[in-house]
Every structure is written in C-alpha cells, then in structure tokens.
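**Q** Take this structure first; my questions come after.
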Amino acid sequence: LCNRTVLWNRDVGNIYTGSLYLSLISLLQNHTFQPEEKVCLFSYGSGAVGEIFSGSIVKGYDKALDKEKHLNMLESREQLSVEEYETFFNRFDNQEFDFERELTQDPYSKVYLYSIEDHIRTYKIEK
C-alpha cells in the first residue's frame, strides 16, 4: 500500500502540509477499500512536531473521487521560472481574508469535531 500513497507525490513534489493529503488522495484513488477500514496518517515538520491520526473509510467514498479530473489537472501543468512562481505568490501579500463567510455549498464542507474520548477525536459531517 505504501507505494500507492506516493504515486502522485513523486509527480508533484513537496507541497508541505498538503503532501499528506495528496498521499491520501493517491491512496484512495489507487486502492480499493471496504467501508470501515482504517487509514493511518502520519506527518512531521521541521520543528520536530509530528502528528499521527487515523480515519475510517466510509461507504461510497469512491464516488466522491474524480480520478480523471485529477489526472487531467496534473497533465496540464506548466513549468514556471522562479520569477513567474514568485510573481504568482506575491499577489497574495497583504490580502485581507474574510473567515466568517461561507464559501462553498459542498455537502462535505461542514465537518465538525463531534467528541473526544480516550484521546480519540471523532468528526461528523453536518448534512
């Protein structure tokens, strides 16, 4: 299974925190899981801070994936020079963000912490 988690990361490269979730997408799209199977996720940072947590596979998870769209996005990337990269990201400097506004109507957007028992966090999706 480990090889399936890095398929997309090998193509994309390091995207810091996003690398963990890119690995998860890669795994979900390149392996078939049964409902209630567990997936363990581990990440560590340069400050020697690490986190390990698990998630449960839900029935129908595969219907939320769009492998073809993701592959098309990867294949349509364009190489940037350092100057182009910096110009792109500098446009976000000094931006004001509104964290109170609802930005999506995605049914999976309202995930909330439901409980913590014995150091285990349980999240639910508001429907």
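The values are calculated or read from the model by the stated rules, or taken from the named source; none is laboratory data. No experiment lies behind these values; they were computed from the predicted model shown. No Cβ is skipped: glycine too gets one built from the backbone with ideal geometry, and neighbour counts run over all protein chains shown.
**Q** If you check every pair at least six apart or on different chains, which have Cβ atoms under 8 Å apart with a residue in region 88-113 that is surrounded by 10 or more Cβ atoms within 10 Å (Cβ to Cβ) first and a residue that is modelled with pLDDT of 65 or more and β-branched (Val, Ile, Thr) second?
**A** PRO107/ILE125; TYR108/ILE125; LYS110/ILE125; VAL111/ILE125
**Q** Quick one: would you say GLU37 is free of Cβ contacts under 8 Å to residues at least 24 places away in the same chain, touching a Phe, Trp or Tyr at 6+ places or on another chain (Cβ under 9 Å), within 22 Å of ARG121 (Cα to Cα) and of a type in the set (D, E, K, R)? Break it down stepwise before answering.
**A** Details: free of Cβ contacts under 8 Å to residues at least 24 places away in the same chain: yes; touching a Phe, Trp or Tyr at 6+ places or on another chain (Cβ under 9 Å): no; within 22 Å of ARG121 (Cα to Cα): yes; of a type in the set (D, E, K, R): yes.
No.
**Q** Output the number of the condition that PHE33 fails; it satisfies all remaining conditions of (1) at pLDDT below 85; (2) in a loop (DSSP other than H, G, I, E, B).
**A** Result: PHE33 passes all but (1).
**Q** Among the residues that make up region 61-72, is at least one of them of a type in the set (Phe, Trp, Tyr) and over 25 Å from TYR123 (Cα atoms)?
**A** Looking only at region 61-72, we keep the residues that are of a type in the set (Phe, Trp, Tyr), and these are 61.
Those still in the list that are over 25 Å from TYR123 (Cα atoms) too: none.
Looking through region 61-72, none of the residues is of a type in the set (Phe, Trp, Tyr) and over 25 Å from TYR123 (Cα atoms).
**Q** Determine which member of the set LEU41, LEU24, LEU28 is aliphatic (A, V, I, L, M), closer than 19 Å to VAL111 by Cβ and assigned to a strand (DSSP E or B).
**A** Working: LEU24 fails: assigned to a strand (DSSP E or B); LEU28 fails: assigned to a strand (DSSP E or B).
None of the others qualify; the one that does is LEU41.
**Q** Please verify whether region 10-19 includes one or more residues that are closer than 26 Å to LEU113 by Cα and more than 14 Å from the chain's Cα centre (by Cα).
**A** No; the residues of region 10-19 include none that is closer than 26 Å to LEU113 by Cα and more than 14 Å from the chain's Cα centre (by Cα).
**Q** Next up: Considering region 1-27 alone, what residues qualify as being over 19 Å from ASP66 (Cα atoms) and in contact with a helix residue (DSSP H, G or I) (Cβ under 6 Å, 6 or more places away or on another chain)? I'd like the intermediate steps shown before the answer.
**A** Filtering region 1-27 down to residues over 19 Å from ASP66 (Cα atoms) leaves 1-3, 10, 13-17.
Once the filter is applied, which keeps residues that are over 19 Å from ASP66 (Cα atoms) and in contact with a helix residue (DSSP H, G or I) (Cβ under 6 Å, 6 or more places away or on another chain), region 1-27 yields nothing.
**Q** Now for a different question. Report every pair of residues separated by at least 6 positions or lying on different chains whose Cβ atoms are under 7 Å apart, first residue within region 15-32 and free of Cβ contacts under 8 Å to residues at least 60 places away in the same chain, second charged (D, E, K, R).
**A** Pairs found: SER26/ARG4; LEU27/ARG4; GLN29/LYS67; ASN30/ARG4; HIS31/ARG4.
**Q** A follow-up question, please. Please find, within region 1-30, the residue that is modelled with the highest pLDDT out of those that are surrounded by fewer than 10 Cβ atoms within 10 Å (Cβ to Cβ) and over 24 Å from LYS63 (Cβ atoms).
**A** Result: ARG10.
**Q** Could you run through region 49-79 and say how many residues are outside any loop (DSSP other than H, G, I, E, B), touching a residue at least 24 places away in the same chain (Cβ under 8 Å) and among the aliphatic types (A, V, I, L, M)?
**A** Final tally of qualifying residues: 2.
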